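Chemist: Sharing a structure, written as structure tokens. Questions coming.
Throughout, read-outs are computed from the coordinates displayed, never taken from laboratory work. Because the structure is predicted, anything quoted here is derived from the model rather than measured. Because the Cβ atoms are built from the backbone with ideal geometry, glycine has one as well, and the counts that use them run over all protein chains shown.
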Amino acid sequence: MEEFAKLIIDGKEFEFPIIRGSQGEKAIDIRRLCQETGCITFDPGYGNTGACKSQITYMNGEKGILRYRGIPIEELAEHSTFVETTFLLLTGHLPTREELTRTSVYLNDFSTLHENMKAFYQNYPPKSHPMGILSAMITAMRSFYPSDTDVGEGINQTFLWLISKIRTMAAMAYKISKGERVVYPRPDLCYCSNFLHMMFDSPVVPYQIDPDFVRALNVFWILHADHEQNCSTTAVRDVGSSGVNLYAAISAGMSALWGPSHGGANQAVIRMLEEIHQNGVTIDQCIKRARDKNHPFKLMGFGHRVYKTYDPRAKIMKKICDQILGKVTNKDPLLDIARKLEERALQDNYFIDRHLYPNVDFYSGIVLRAMGIPTNMLTVMFAIGRLPGWIAQWQEDTVDPEMKLCRPRQIYTGSEISSYVPIDQRG
Ligand code: ACO
């Protein structure tokens, strides 16, 4: 039976259909609102706005649920690999053995980079942030890899080029920033091992790939692979809605991810923990600052727009953190600080009342540091993981007949009409 929501404006009643998602979630379909009532909705930050229908990811912020294509994140983190999860997100189903092998072979075949792209890196100032370099490189890929061929299963060659080459570009940025020789990918290594190899191998000290690091990296990237309509994914969909090519839309997503309220939080968490460690700021002072409305400080890695309970990804990340830190010889003092900070915040009324819990970024930086990933590369690591989700969401958007050019409205609060005053008559 069709359900309706009633809205009364200036004494006149209007009805709008209610639509339901497959998990029972409800939305009021207001597509005719402006046309019928002359009103628009006002929802800064879009916290109450459904911008699309999607079959990719389900999350429930009250219950702490996250599923990709119906499969709980906990099961994927335990059993899957990043490449398999990528296939799942792009196609909607887990791959057969043949499909998985074929995808892995493609990812290997496409992993090198056009040699002329190296020149871009050399001309960036030495301290450039790798997120800025990478988002520019992604846009540049359009000129080097313009083809649009389908390789089967609805997977476009462009998707695989992006997913394969992003890790080569990221490792290359790191090597060049250190003044070291660029390391090329090896055909015998899987996706994650190849990344670690390109990051850390050197002609004089061959890098020994640690299978525990490879597993941890798989889990890290699985946990980041999609998160429905977050800020960067919305950027990808919004920019993509203009009909621009995939590379440009992904580059917009990368720029959105860079900010400290979103993906840049993993870097900000490490900076915060370092400040506590080096400058002698106590845990209590930190909590006090976070509670103080006149202080700009926020407890980085805490809080989430949707999760009002413990982020399920943070639970898994915390376990991985314990495992990886348990085996490395150089104990990271930041882990101890993070644990104490979490314990203290979770007992504090300010955090309890606002349902502020650790998010995925709280422990992930510590895990990546233990693997040798430098702090300014942490958000790049997030971006590599989020890429399959961005692509899947872009693809869904481009084939959805209900989707339109994104163009929100506004409530104008500026001055009324006024006349142009010539410059010598202005007071
Ligand atoms: N530290 C201190 N106070 C906080 C924090 C925090 N980390 N997060 C939220 N609050 C407070 C707000 O000041 C606000 O208080 P008030 O009601 O007294 O005004 C209340 O909690 C609600 O917060 P909002 O800002 O309205 O929540 P919103 O959903 O807009 O913000 C966000 C979510 C941006 C993630 C926020 O919690 C934050 O900035 N966290 C720190 C940055 C971070 O970790 N970002 C990563 C998010 S996960 C991801 O993108 C992968």
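Chemist: For Gly24, all conditions in the list (1) within 16 Å of the ligand (Cβ to nearest atom); (2) closer than 27 Å to Leu94 by Cβ; (3) out of contact with any strand residue (DSSP E or B) (no Cβ under 9 Å at 6 or more places or on another chain) hold save one; what is the number of the exception?
Modeler: (1)
Chemist: Let me ask something additional. Of Gln35, Gln55, Gln23, which residue is under 21 Å from Val236 (Cβ atoms) and either among the polar types (S, T, N, Q) or assigned to a loop (DSSP other than H, G, I, E, B) (or both)?
Modeler: Answer to the selection: Gln55.
Chemist: Which residue is nearest to the ligand (Cβ to nearest atom), if the candidates are limited to the range 346-384 and must be buried (at least 24 other Cβ atoms within 10 Å of the Cβ) and of a type in the set (Gly, Ala, Ser)?
Modeler: Per the stated criteria, the residue is Ser364.
Chemist: Of these, Met300, Met254, Met272, which one is in a helix (DSSP H, G or I), touching a residue at least 24 places away in the same chain (Cβ under 8 Å) and either surrounded by fewer than 21 Cβ atoms within 10 Å (Cβ to Cβ) or within 19 Å of the chain's Cα centre (by Cα) (or both)?
Modeler: The unique qualifying residue is Met254.
Residues are listed down the side, and each one gets a yes or a no for (1) of a type in the set (A, V, I, L, M, F, W, C); (2) surrounded by fewer than 21 Cβ atoms within 10 Å (Cβ to Cβ); (3) touching a residue at least 60 places away in the same chain (Cβ under 8 Å); (4) under 28 Å from Gly326 (Cα atoms):
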| site | (1), (2), (3), (4) |
| --- | --- |
| Asp150 | no, yes, no, no |
| Ile166 | yes, no, yes, no |
| Met169 | yes, no, no, no |
| Ile176 | yes, yes, no, no |
| Tyr184 | no, yes, yes, no |
| Met198 | yes, no, no, yes |
| Asp226 | no, no, yes, no |
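Chemist: Same structure again: From the residues in the range 202-222 that are β-branched (Val, Ile, Thr) and in contact (Cβ under 8 Å) with a residue 12 or more places away in the chain, which one is surrounded by the fewest Cβ atoms within 10 Å (Cβ to Cβ)? Give the derivation first.
Modeler: Kept after step one, since they are β-branched (Val, Ile, Thr), are these residues of the range 202-222: 204-205, 209, 214, 219, 222.
Now drop any that are not in contact (Cβ under 8 Å) with a residue 12 or more places away in the chain, which leaves 209, 214, 219, 222.
Values: Ile209: 16, Val214: 20, Val219: 24, Ile222: 26.
Step by step, filter the range 202-222, then rank; the result is Ile209.
Chemist: Could you tell me whether Thr91 is polar (S, T, N, Q), in contact with a helix residue (DSSP H, G or I) (Cβ under 6 Å, 6 or more places away or on another chain) and touching a residue at least 60 places away in the same chain (Cβ under 8 Å)?
Modeler: Taking the combined requirement at face value, the residue does not satisfy it.
Chemist: Out of the residues in the range 189-228 that are touching a helix residue (DSSP H, G or I) at 6+ places or on another chain (Cβ under 8 Å) and of a type in the set (Val, Ile, Thr), state the one that is nearest to Thr57 (Cα to Cα).
Modeler: Ile222
Chemist: Starting from residues that are among the β-branched types (Val, Ile, Thr) and in a helix (DSSP H, G or I), keep the ones in the range 275-297 and report whichever is nearest to the ligand (Cβ to nearest atom).
Modeler: Going through the qualifying residues, I end up with Ile287.
Chemist: Condition first: under 21 Å from Thr379 (Cα atoms) and either of a type in the set (Gly, Ala, Ser) or touching a Ser or Thr at 6+ places or on another chain (Cβ under 6 Å) (or both). Now tell me which residues in the range 295-338 satisfy that.
Modeler: Gly301, Gly303, Ala314, Met317, Ala338
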